[in-house]
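Enquirer: The structure follows.
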Amino acid sequence: MEMAFVTRRRRNLLQTDGWKRFRKNKLALFGLIVLLLMVGMAVFAPLIAPHDPYESIKSEAGLILKNKSPADSGTLLGTDSLGRDVFSRVLYAARISMSVGLVAVGISTTVGILLGSLAGYFRGWVDTFIMRLVDVVYCFPVLFLVIIISTVLKPSIYNVMLVIGLCNWTGTARFVRGEILRVRELDFVKASESLGAKDSRIIIQHILPNVMAPILVEATLQMARAILTEASLSYLGVGVQMPTASWGNMLFGANNLSTLTLRPWQWVPPGLCILMAVLSINFLGDGLRDAFDARQKK
């Protein structure tokens, strides 16, 4: 009982110290605030959007306001080539891009934790088989592999989530394997093994809780890569398909010389959203890594 109390107290102290270190990182706080604003923008898009993102805006004379600037259309960010409100589409695109990032990272992290845990704990032929599988998948350029699979399958948001998740688990698996190889040599794990605890119990209750902090940091950084991958696929036409709005296919819709030079309101907002989302997630991940790194403690 006393040992458990000391352990909980020590863990709470570590969490408090980590939060203090995180608060001192201004870039991490900036990333957290911007990311929360984007998540709020995505969640409350139906309440914030002034127009239907899939319907054209018409003038009083009944004409569709195509390619109109904010001043000419009376909207915040103007209209696109079909007369749709760019601001409303950016809001709804945030729901798609954020959802793809979260679901894809959830899939890749789950697969990576499962395979990395098996490889790191059991070692031997299990470790060899899983690590050779990681090497095979790692040999292929991720974006090229995702494009091939997305082209073979019918392009849709669900396939994009699945493909990105199943092609980005290798880094997590290697990371988890290395952490488990380190943790399983500690005394409390050896004590559990000597008491005859089951392997699944040791992994779930003793090993994984001690490596979840760095796994969380790795998942945060992976989300930024997933958002970039989705934007690249949608820009190339094999990701989220029209008329569903995502930041990537909004850039794809503005992929012509006249739009790039004369109508920057159609491509600058989604491009800035991608830039700010990726930067914010990277700043947040770096802040979490510094906060949870034991070497940063005084």
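The values are calculated or read from the model by the stated rules, or taken from the named source; none is laboratory data. Keep in mind the model is a prediction, meaning the values are calculated, not measured. Counting neighbours? That spans all protein chains shown, and the Cβs are built from the backbone with ideal geometry, glycine included. To get the accessible areas, we keep the full protein, side chains included, count just its heavy atoms, and leave off ligands, DNA and RNA. Shrake-Rupley method; radii C 1.70, N 1.55, O 1.52, S 1.80 Å.
Enquirer: Could you give the C-alpha radius of gyration of region 43-147 expressed as a fraction of 2.2 N^0.38 Å, taking N as the number of residues it contains?
Expert: 1.81
Enquirer: So what is the diffusion coefficient of region 239-282 in µm² per second by Stokes-Einstein at 4 °C and 1.567 mPa s, using a Kirkwood Rh over Cα pairs?
Expert: Diffusion coefficient, whole number: 117 µm²/s.
Enquirer: Helix 2-24 against the longest principal axis of the chain: what's the angle in degrees, Cα atoms only, rounded to the nearest 10?
Expert: 30
Enquirer: Just read off the accessible area of Thr128 with the full protein assembly in place, 1.4 Å probe, to the nearest 10 Å².
Expert: Rounded to the nearest 10, that gives 70 Å².
Enquirer: Between helix 142-152 and the chain, what is the angle of the helix's C-alpha long axis to the longest principal axis, kept within 0 to 90° and rounded to the nearest 10?
Expert: 60
Enquirer: Working from the alpha-carbon coordinates of region 14-81, get Rg over Rh, Rh being the Kirkwood radius.
Expert: 1.30
Enquirer: Just need log10 I(q)/I(0) for region 92-169 at q = 0.16, 0.19, 0.20, 0.26 Å⁻¹, Debye formula, equal scatterers on the alpha-carbon atoms, no solvent, rounded to two decimals.
Expert: The Cα Debye sum returns log10 ratios of -0.66, -0.84, -0.90, -1.17.
Enquirer: Now, a different point. Quick one: Debye curve from the alpha-carbon atoms of the chain only, equal weights, vacuum; give me log10 I(q)/I(0) at q = 0.07, 0.09, 0.15, 0.17 Å⁻¹ to two decimals.
Expert: For the chain, the Cα-only Debye profile gives -0.36, -0.56, -1.16, -1.33.
Enquirer: Working only with C-alpha atoms, what are the Rg and Dmax values of region 177-298, expressed in angstrom?
Expert: 22.1, 72
Enquirer: What residue among Leu257, Leu65, Leu36 shows peak mean-square fluctuation when the chain is described by a Gaussian network model with Cα springs under 10 Å?
Expert: Of Leu257, Leu65, Leu36, the Gaussian network model singles out Leu257 as fluctuating most.
Enquirer: Using only Cα atoms, tell me the angle between helix 26-43 and the longest principal axis of the chain; keep it within 0 to 90° and round to the nearest 10.
Expert: With both axes taken from Cα atoms, the answer is about 60 degrees.
Enquirer: When the chain is modelled as a GNM with alpha-carbon springs shorter than 10 Å, which of Gly196, Gly165, Gly40 fluctuates the most?
Expert: Gly196
Enquirer: Using the heavy atoms of the protein chains alone and a 1.4 angstrom probe, what is the accessible area of the chain per residue in square angstrom?
Expert: Heavy-atom SASA per residue in the chain reads 55 Å².
Enquirer: For the chain, what does the helix formula give at 222 nm: sum of -39500 (n - 2.57) over DSSP H segments with n ≥ 4, over the residue count, nearest 500 deg cm²/dmol?
Expert: Value at 222 nm, helices only: -23500 deg cm²/dmol.
Enquirer: Quick check: the distance between the Cα centres of region 59-102 and region 248-263, to the nearest angstrom?
Expert: 13
Enquirer: Quick check for me: using +1 on Lys/Arg Cβ and -1 on Asp/Glu Cβ, what's the dipole size of region 6-156 about its Cα centre, in debye to the nearest 20?
Expert: 1040
Enquirer: Let me ask something else about it. Once you've got the GNM for the chain with C-alpha springs shorter than 10 Å, pick whichever of Trp19, Trp125, Trp247 has the biggest mean-square fluctuation.
Expert: Largest GNM mean-square fluctuation: Trp125.
Enquirer: By per-residue mean of other Cβ atoms within 10 Å, what is the highest-first order of 222-232, 129-139, 281-291, 114-124?
Expert: 222-232, 281-291, 114-124, 129-139
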